[in-house]
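The values are calculated or read from the model by the stated rules, or taken from the named source; none is laboratory data. Remember, it's a predicted structure, so these values are computed and weren't measured experimentally. When the accessible area is computed, the model is the full protein with side chains, heavy atoms only, and any ligands, DNA or RNA have been set aside. Shrake-Rupley method; radii C 1.70, N 1.55, O 1.52, S 1.80 Å.
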Amino acid sequence: MSVGAVPKTIEWIGGLEGHVVMIDQTRLPSELVMLECRDVQTMWHAIRQLSVRGAPAIGIAAAMGAVLGVRDCGGLDRDGFLKKLEEVCEYLASSRPTAVNLRWALDRLRRRASVYTSPRDSRVPRLTPGHDPTEIKQALFEEAKRIRDEDEAMCRAIGRFGEPLIRPGSGVLTHCNAGGLATACWGTALAPLYAAHGLGRSFHVFAGETRPLLQGSRLTAWELQQAGIGVTLLCDSMVGSLMKSGRVDLVITGADRIAANGDTANKIGTYAIAVLAKAHGIPFYIAAPSSTFDLATPDGSRIPIEERDPDEIRRGFGPLTAPPDVKCYCPAFDVTPAKLIRGIITERGIIQPVTKSRIASILREWPILPRNRAAKLKSCTPSLGE
Ligand code: MRU
């Protein structure tokens, strides 16, 4: 995200010897504070404690964290380096289990490194087992930056495909934060809103506060206000009543993992919203880049759901709001079945209807985002009138 005076959500400063700077999202909205990560442990904790959060952003963070984890390991030959990379990737993958973007980004780095052991491209030198791994380090650094740049392009494309869904004067409900703070740019669910806003269209956003960690109120409401987009905050329990009042025309949320059949894991509470949307005849859309699809997971029942500390419910932001020893139910995500999802807005177009074959064909048709699109990016601003 880079809206007006708001800095980028996450970026690498300098060359391979540099460091990562991110907005510390645990401090918003009361303070806009930057967090510096110079080693992999700091990055692990930043992901775990949600200083950086949102599926695409933690993919970027993990990729940059892996570079931090291997760049200082001197004295290793090729095989020692690859072993270290594997350890670092597994360590980072343990930070949060649900968003597949995290593993997707780490797998990309692994694949990039493996090019040097069995190159298919004659321009890439084959590094023998005892070879110095400096070249691999540099390649991983470039790959991590590319993942970030491509994420900007994906957000923009999702914005363009989703923008026609935002009718003039409509009310759009979103949940959690799937905006610029969750990605390198405009976000996923919020990208169509930024796009429509950039075209001068007027509409209104309703943001559910998203208990227990309040990403909707702390982050989405703040982010939309920074961009000058009208937003009304509501408690999660008010969604049914709001829908019944006729003020919601469309729901768009993000996703943390989309199974092969379209079942979608997203922030806890999303499933209830989808059921309510169905009951009120309101179209429910998911917005997500292709890096959020996990075709190896056949359906939602196989998606690992993160359980978080019960104190996030009992005393989320300081004072106790429950008996200190009361048992809590605390999944961080839930799964919305594909049959409740009208369409999935991706950087390749809208997948509609949401079926296994439709998903497979869209992902197959465009296996990777063309590199030249990422290279042509301009800086990310909320104006799409280009
Ligand atoms: O626990 P969080 O804040 O990382 O959860 C984030 C969400 O559920 C988002 O909706 C999802 O990651 C999509 S972000 C573009």
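Tabulated data
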item: Table column - 3J(HN,Hα) (Hz), the range 354-364, Karplus curve with 6.51, -1.76, 1.60, x for Gly and Pro; result: 7, 10, 4, 5, 5, 4, 4, 6, 5, 6, 6
item: Centroid-to-centroid separation of the range 142-182 and the range 261-332 [C-alpha atoms, Å]; result: 20 Å
item: Relative contact order (percent, whole number), the chain, Cα cutoff 8 Å, 6+ residue spacing; result: 17 percent
item: Added length on full extension, which subtracts the Cα-Cα distance from 0.36 nm per residue, ASP325 to ARG247; result: 24.1 nm
item: Accessible surface of ARG148 - all protein chains present, 1.4 Å probe, nearest 10 Å²; result: 20 Å²
item: The chain, helix-only ellipticity at 222 nm - DSSP H runs n ≥ 4, -39,500 (n - 2.57), divided by all residues, nearest 500; result: -11000 deg cm²/dmol
item: Table column - 3J(HN,Hα) (Hz), the range 88-100, Karplus curve with 6.51, -1.76, 1.60, x for Gly and Pro; result: 4, 5, 5, 4, 5, 5, 7, 5, 8, x, 7, 5, 6
item: Karplus-derived HN-Hα couplings along the range 159-175 (A = 6.51, B = -1.76, C = 1.60, θ = phi - 60°), whole Hz, x at Gly and Pro; result: x, 5, 6, x, 4, x, 6, 8, 7, x, x, 7, x, 10, 9, 10, 9
item: Amide proton proximity set for PHE333, modelled H, under 5 Å, gap of 5+; result: ILE268, GLU306
item: Solvent-accessible heavy-atom area per residue, rounded to whole Å², over the chain at 1.4 Å; result: 41 Å²
item: With all protein chains modelled, accessible area of GLU11 [1.4 Å, Å²]; result: 60 Å²
item: Sulfur and carbon atoms: percent of accessible area, the range 160-379 [1.4 Å]; result: 55 percent
item: Principal axis box of the chain, alpha-carbon based, largest edge first, Å; result: 69, 50, 42
